[in-house]
Structures are given as C-alpha cells and as structure tokens.
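What follows is one structure encoded as structure tokens, with my remarks underneath.
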Amino acid sequence: MESTEKLQPSSSDSSYDTIESGNGRLKCSLSCSFVDNLLSKTFYHYGKFVARHKLIFLIGPLILLVVMTTGLLQIYVDDDIESLFTPLGSPSLEDKEYAMQAFPLGNSKEEFLPNRVLYTMLSKLQLIITAKDGGNVFRDSIVREVLELDNFVINYHSSSNSSENGFSDLCMKWNRKCIRNPVVDILRMRAAGINVSVTHPTFKVPHTNHEIIISSQMGDVELFPGTNKVASAKAIILHYYLSEEPIAEADLWEHEIEQLMIQRASSRDSLMTLVSCTSQSLPVEVKKATHSILPRFVATFCMLILFAVLSLMTNDWVVSKPVLGLLGVLSAGFAIVSSVGLLSYCHFYFNEIVSMMPFLVIGVGVDNMFIMVAAWRQLNLYLSVEERMGRTFSEAAVSITITNLTDTLAFVIGATTPLPGVRMFCAYSGVAMVFAYIYQVTFFAACMAYMGEREAKNIHCLTCQNVLPKRESPNSPYKIFCAGGVRKENEKFNLDAYFHHPFMKFFRDYYGPFITKPWVKAVTGILYLAMLSGSVLGCMNLTEGLRLQNLAPDYSPSWQFYTMYDIYHESFSPPLHVIFKGEIDYWNTSTFQAIENTTASFEESDFTFHPGSADSWVRAYHHFLHMRFGSIPPREQYIKILHEEFLTNPMFRHFSLDISFQIENGVVKGINASRIMFNTRGADSPVKEQVFVTELRRIASESSLDVIAFSPVFIFYDQHIGIIPYTFQTLFIAMLSMFMVALIMIPHPACAVWVTICTVSIDTAVLGYMSLWGVSLDVITMINILLCIGFSIDFSAHITYAFVIGISKDPNERIIWALRNLGMPILQGALSSIIAILPLSSATVYIFRAFFKTLFLVMLFGALHGLLFLPVALTILGKIIPSKESKGRNFFQSGIEDAKEPVEKKNSVSSYSFAGTNDTEVVELLVSTV
C-alpha cells in the first residue's frame, strides 16, 4: 500500500477536482467562484500561520478582552420607554416637540390641568378601582372605601422627610389648589347629602355653567335610558399629579405611596380591587427585568458548556476535545462582554431588549465552534498540526465567514430601521458577531492548535498522559477509559487514520435512504402543505404592537395596572389636542368658519364624543364676544379682549393653557398657535389604535388650515402603524442583500435561488406559527424575523450547494451524500441555539418569552427545511439540476483503482487494508485525505 503522502496531491495544485467534507460544506475547485477560491487559499495560509504562532494568537485576544471589559464600568441602562419604542421620524415626535414649545406644561404648580398633559410619563400616582364581585363601583359600600382611600392619599406625608412634604405640597395645582379627581368630588357631594348625579361624558358644576370632563375616570359605563346619568360603572381611575420640582422629593413620595397601595390591595376585608402605578413603576420594573436576566444567562452558559463538552466527547480519548468545547463557549462569551464594553465606551445605552442579545450571540458562536471542529475531524490524523490547521481553515473559516457576514449584514440592515429598540439590539448584536468572529479565528484557533498538538502526541484529553491506540490496549478497562489515537511510527494509509462520527454514518446509512423512499416523499409533501396552511392561517390572524404591560414582569404592580387599563381602555382613552399652527386670522369670519368646520369634522368621528363636546376656546370666546358686543371686533381689539378680559374670567381661565401668544416687549401682538381639546373613545385594541391615529390625522390633513392632531399616546400607537411596513421593508432589503451575498460567496447560482426560496418559506412559517402561539408582531419579534434570513443560509445554502455539485446523476444518491456531510452540523447548530435560549422560556417577562418562542420557531423550521423539506424537494427536482458527474467520475474512479490496487498485495506492515471496504468508503477516505 502506498503511503499517505503519495496519495495526496500538492495543496497548491489546482488542476484536479476535489470534494471536501467537514464543516457541512462541499467544494469543487474547478467550479468554485473567484471569491471562494481566494478565501480558501488565504485561510489555508492563515491557519498554518496561527499554528506556528499559537501563543501570540492566544494572548492577544485576551488583552483585547481586558481592555473592552473596562467599558462595563460606564454602562448605562436606558429606561425611557417612550424613546425606546417610538419610531424615529414618526409624526408624533415632531408634533410633541411643537406642542411642548407652544404650550405650558404646568411644572410651576399653578398652571396645570390633567387633560392638557403632553407626555405620558408625568410624575403621578394612578389607581384603578373595581369591585371584587365585578359589579357596580358606585355602590355605597365601595364609595365609602374610595373616599377613605382618597383621604389617605391626599393627607399622606413621606416618612423619610419632614411633615411639610405631603401631597398638598408636592401636587400640581390650578388656582392654588391641588388638582383633584372630579369623580371623587362628586361622590363627596353625594355623601354630604347634595342631590347630584354622576353624568357622562361631562359633569356640569352645580350653580355654574362650567362643565368638566369625567369620562376618562370611569370604565364600562351604563347610562339610564334617554339620559346622560350614570346607572353603573365597573371601574374608577384616579390620578394624583405631582410637580417635578423638586424631582427627588416627588420620586420618594411616589415610591412610598405605591408600597402602601400594594399593601392595601392585599387586604381581604376590602370590597374593592385596587391596582396602582406611578411614573417610576414601569421604568423600575424594566430595570429589574434587565437585571433578572443575568441568572438565566448563567444557566444558558452552563448548559452550553455541558452540551459543547458532551458533543466533543467520543469513545476515543485522544480525538475527544472536551476542554476545547469549554474554550469555544468562553470565546463566544468574550464576544458578548467585548461588544457591551465597546459600545458602553461609545455611550450606547443598554436596555431591556439588548439584554436578550447574549442568548443569541452565544448560540451562534458555539455553532461556529462545531463547524471548525467538524472540519478538523475529517482530516487524516497523520497530517502535521500545521497542515491540518491550514486545511481546516481553508474550509471551515470560509463557512463561518459566510455565516458571520450574513448575520452581521442582517443586523446592519436591522440597525437602519426607525425603531430605536431594534436599532440598539442590532447595534449590540452586530458588534458582538464581529467580536465572535475575531475571537473564533484568533483565540479559539490558537486553542485548537494546542489541542491539535496534544492529539498529535497521542495524549489523553483529560489526564494529559500518553496513551496507546485502541487496538493495542492491554485490557478492556484501558480500552474503555484510556485508549485512543493512532501510532505514528508507521505512517501508512489505513482506516485508523480517520475519525468517522456515528451521526455522520446515521445520516448516510439510515436517515438519507429513509427520506428518499417514495412514500416518505409523499408524506413529506403532505406535511409541508399542512405546515404552509397553518402558516397562512396564522398570518391572517397576526396582531401587531407591544403593550406596556409586556415590558414588566408578570403580576408585578405595573403589569397588573396596565393589564387592567387595557380592559377599560375604551373608556380611559386620552384627550386629543387639535393644534392650529402659526398665525391665523381668528377674528376673520371665513377663518372662524374654517375652524368650526374642522372642529365639526373631529366631533363627527367615531373616536370622539357627540357634536358640541369639543372644549373649544374659539367657540367660547366668539360666543362671549357676541353676547357682549354683538359682533367680532378687529384684530387689535380681538386680541386685547381675549388676553385681558376673557382669559382672566374664572370661567374661561383654563383656556389660557390653549393659546400661545406672540409677545414683544411685554405686549401681546398676536397668536402663534392654539389648540382645541376633544374627548376620545373606542381605541380598545392595537388595530383600533392604528385606525384611531390614522383617521384623526386624516381629518387634520383635510382641513383648510395648518392643523395637527396629537395625543401623548400617539407616541406608542405609531409603533403599531409602522411595525408591518418596517418589518417587510427590512425583510425585502435583507433578502435581496443575502441573495447577493450567496450569489457571490457560494459558487453556484442555484444555491442563491434555493436559499431565497427557503428564506421566504421559513419566514412565513415563523410569522404564522408565532401568531398561533400567542405572539404579536412587535419590535421583539421583528428582530427574530430578521434573524430568520441569516439563519436560513446556515440551514439551506450549504446543503443546496452540496447537492448541486453532486457526482451522481441520481438525485437520491446526491442528497444522501449531502446529508452525510451536513446533517450533523445542521442538527448541532439548531440544538446549540435552542439550548442558548431555553432559559428564556420560563422568564416572567413577556418580551423574553416572545424572544424564545420566535427564535425557537426559527430553529425548528430552519432545521426542518434543511434536513427534510429541502432535501426531499431537491430529490424531486434534481433531474433538472445539472450534476458534476462527468468531472467527478474520472477522479474518483482513478482514485478507487489506485487505492484498490494494493489491497490484493496486502501490505504486511499495515494492520488494515481496503479489503472488504466498498467504493463509497474508499471515496470518503480519499476525499478526507485530499
């Protein structure tokens, strides 16, 4: 038998065709693209260089890690909910900025009204009260408890401050009186014996013509027939607004009162159910959720270490690499730490969404490790460490380069979306993927070279002692616990020089032949159609938007409050600000009519109350002018009377918050902007919220004046409007980009086509089944849908290419060959990613569970496509896809003959020969050798 060296052509010889197996990727040199050839040759020399300078590549990355780790000292957690989920460039941001510049906010404690609030996170305590039996909250027994609770809140003084820091000192005020809850004042009048009725949506103050809006303080209201009097209500919501000056004292009062409300809510004697929330509640819960993820990541880290160690263990104690498995997981962990450290240096904020990044990156990093190790295993054990490193890198490094490039590209594209939460996640994840690649080809490569030296010296992977090969074991215990490797004295070509993983044999001998049976193909087709039907059904019922309670842990105070708020969302809809921009001739009859037409258009909407319900200073002022003067005065007099008489009247003083005057040298010259307030209703679901915003903005755009419609909740509703367009726009760009990458990096056009088809199929399945699993399309799931594209290449590109360059005309044989080389890496990659996210399945926060569900579906359907649907489809369509049989046969046939010739001579030196070995096994050995 000829030696191994004689059977191996020179590594620089490009005149022959080769097919290499090892990392789930086959290569035919004569058909490879220029890019693929260039990368293979470059990485071949790079791998050998790493083997020669192992220590440098081991220490250098560790120094980089230490430098990046110092950035963790500057990490800052962003808990600004509005900025995190509001799309950049959305109309609500511009409208909010304009409104806040034009109209006072009330921080002076003297000019505040609740329905004029311009942002949602104002300092306040909110209480939602319902009856434990689900009945009417206006029953006398519950009313007494409500009044007692209100007394407690307004008289509470912080125990950590002097007695002057009570609610009456910290509250927002109007006319030097704390802002109270109108519904409570009405209940107090009734309790005092005053004959008043609770009305809806407004209440007329006794002995005055002044009406106050109380619709937003009652939920699920029923009226007496033919009247506006309230017969019953299922909920009451109370607001206690605090000044943000000084903010520290207000925060302390909020924190203490919330704890007291939680205690009162647990009272068994009470007839009412109480849920509470402050401006601090949700941000605090978000921070807690972010910190709570750390123990789960530790669990993920330990599980992956165990999985990696067991995956790299075999019955050969020399070939086994458990320590390398540990180092591979550490390498992925280094990338996570480095990315957070670097971006913290760059003043990128960390947030709740970004906290899920480590679970993703560590799974991908471990997957790359398996690819590297699989490529190493396929090579002849007699090769030098330097040569094996070169060949491993020429094959595996190209594959992980494609994987990291596509994943990083997906994150780069995701970072261009206008959703800040997605941008931050993609920025952190993209940088982490770059670091994972760097550590993979430096630190892990050096570790691999050191382990290769141990293997070359036939040293036990755990005891670090020289051991004998299995066939030379002196006894059974030694063979089981110690033996491994090969003897190097007689470097002859024999079967011991190759490692055949049992899973590779399983895919070749059992799984591959099984799925090529006609009846299995038929069942697979039916299964795919069933899966596709479920996907379409799920997509038809897809919901959009992220609810505020989903950011907080289940059953936390914030979660309970916002869940209850959503139940009565229609009743609690916030006021609408219709703002007239710029200088308008309000005194002009035609202008007044245009304002009235716009006002009437809003009042006729299904999302506002009856005609005449608008809180309009224009109507009130013009009525005032007609009653007093009988006509509308000219400009100068119009503005003077408005500023000096109308707005100083106690009945109309609240309109002063609705007019932005143009003042020069202390003299009022005109009106820069003004607004009219409307009560809203009906936005009780994400779909209704989209219609709510779009319809009100449409009415504003149809006005002949320059008008904007704004409400503080539009900040959150805009994500519902944009999530589907943003998702599909980003998906299209990402798919097109991935198609180009596949076309350039993977040397056959058919691969790019099949990768795109599989990507569309996997994305559709994930979208549909996540909907059926109770997950909405929001910023979290949008991230995972983007990841589908990157992972689809891992699951589909290589197996498609392996099939395309198959050496047989028989599609079944070609797919069996492809599965033999690709089945194990695909399965390991899917399992490692699922293990990485598994601890999130039991998380107490919805967004973490949603991340697990969608990424689990990505892995499940990706693996199904890569191991079942795509192989079966290729066998059916394989006859129309050209093969490389004509080019491959001469090489293999000549190789088989060369290898079989010494079989009959039975070289006495070698203890093994090719006797009894079929052509396929000989080809595999020759392929691995080459």
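The values are calculated or read from the model by the stated rules, or taken from the named source; none is laboratory data. Since the model is a prediction, treat every value here as computed from it, not as a measurement. No Cβ is skipped: glycine too gets one built from the backbone with ideal geometry, and neighbour counts run over all protein chains shown. Side chains included, ligands, DNA and RNA excluded: accessible areas come from the protein's heavy atoms. Shrake-Rupley method; radii C 1.70, N 1.55, O 1.52, S 1.80 Å.
Report the net charge of residues surrounding S605, where surrounding means a beta-carbon distance below 14 angstrom and charges are Lys +1, Arg +1, Asp -1, Glu -1.
Computed value for this residue: -1.
So what does log10 I(q)/I(0) come out to for region 511-651 at q = 0.13 Å⁻¹, using the Debye formula with one equal point on every Cα and no solvent?
-0.84
Among DSSP beta bridges lying fully in the chain, give the percent that are antiparallel, nearest 5.
Beta bridges within the chain, antiparallel portion: roughly 95 percent.
Each label point is 7 Å from the Cα along the Cα-to-Cβ direction; what then is the distance between the points at N195 and W519, in nm?
About 8.8 nm, to one decimal.
Ignoring ligands, DNA and RNA, please state the percent of accessible area on the chain from carbon and sulfur, probe 1.4 Å.
The nonpolar share, carbon plus sulfur, comes to 60 percent.
So if we plug the beta-carbon distance of Q662 and D554 into 1/(1 + (r/R0)^6) with R0 = 56 Å, what FRET efficiency do we get, rounded to 0.05?
Computed FRET efficiency for Q662 and D554: 0.60.
At a temperature of 37 °C and a viscosity of 0.692 mPa s, determine how fast region 373-483 diffuses translationally according to Stokes-Einstein, using the Kirkwood radius over alpha-carbon pairs as Rh; express D in µm²/s, rounded to the nearest whole number.
Result for D is 195 µm²/s.
Once you have the Cα-Cα distance between I757 and N588, take 0.36 nm times their residue separation minus that, and quote the gain in nm to one decimal.
Extending this stretch completely gives an extra 54.5 nm.
If you count, for each residue, the other Cβ atoms within 10 Å and average over each peptide, how do 128-139, 310-321 line up from highest to lowest?
Result, highest mean Cβ count within 10 Å first: 310-321, 128-139.
Could you rank the peptides 192-200, 356-364 by their average count of other C-beta atoms within 10 Å per residue, with the highest value first?
In decreasing order of mean packing, 192-200, 356-364 become 356-364, 192-200.
If I model a spin label at R52 and K288 as a point 7 Å from the Cα along the Cα→Cβ vector, what separation in nanometres do I get?
Distance between label points: 5.9 nm.
For the chain, give the magnitude of the charge dipole about the Cα centre (Cβ charges: +1 Lys/Arg, -1 Asp/Glu; no others), in debye to the nearest 20.
In debye, rounded to 20, the chain gives about 2340.
What angle do you read, to the nearest 10 degrees and between 0 and 90, between the alpha-carbon axis of helix 714-745 and the longest principal axis of the chain?
Helix 714-745 sits at roughly 20 degrees to that axis.
On alpha-carbon atoms, Rg over Rh for region 271-379 using Kirkwood Rh?
Looking at region 271-379, the ratio lands at 1.19.
Can you tell me the FRET efficiency between E702 and N672 if r is taken as the Cβ-Cβ distance and R0 is 22 Å, rounded to the nearest 0.05?
E(calc), rounded to 0.05, equals 0.40.
Against the longest alpha carbon principal axis of the chain, how many degrees, from 0 to 90 and to the nearest 10, is the axis of helix 589-603 turned?
The two axes meet at around 60 degrees.
On a full-extension model of 0.36 nm per residue, what is the gain between L223 and A248, subtracting their alpha-carbon distance, rounded to one decimal in nm?
Additional length available on full extension: 4.7 nm.
Just from its helices, what would the mean residue ellipticity at 222 nm be for the chain, if runs of 4 or more DSSP H residues each count -39500 (n - 2.57) and the sum is divided by every residue, rounded to the nearest 500 deg cm²/dmol?
Roughly -18000 deg cm²/dmol at 222 nm, from the helical runs in the chain.
Any chance you could give the angle, 0 to 90 degrees and rounded to 10, that helix 749-772 forms with the longest Cα principal axis of the chain?
Tilt relative to the chain: about 40 degrees.
Return P(r) of the chain (all Cα-Cα pairs; 10 Å bins starting at 0; whole %; ordered from short to long distances).
Calculated P(r), rounded to whole percents: 2, 10, 17, 18, 15, 11, 9, 8, 5, 3, 1, 0, 0.
Work out how much length M121 to T648 would gain on full extension: take 0.36 nm times their residue separation and subtract the Cα-Cα distance, in nm to one decimal.
Here the segment from M121 to T648 would lengthen by 186.7 nm.
Along the charge dipole of the chain, which of L857, P283, Y349 sits closest to the positive end, that is, farthest toward it, with unit charges on the beta carbon of Lys, Arg, Asp and Glu (+1, +1, -1, -1)?
Among L857, P283, Y349, the one farthest towards the positive end of the dipole of the chain is L857.
Please find the FRET efficiency linking E94 to S141, where r is the Cβ-Cβ separation and R0 is fixed at 51 Å, and quote it to the nearest 0.05.
0.55
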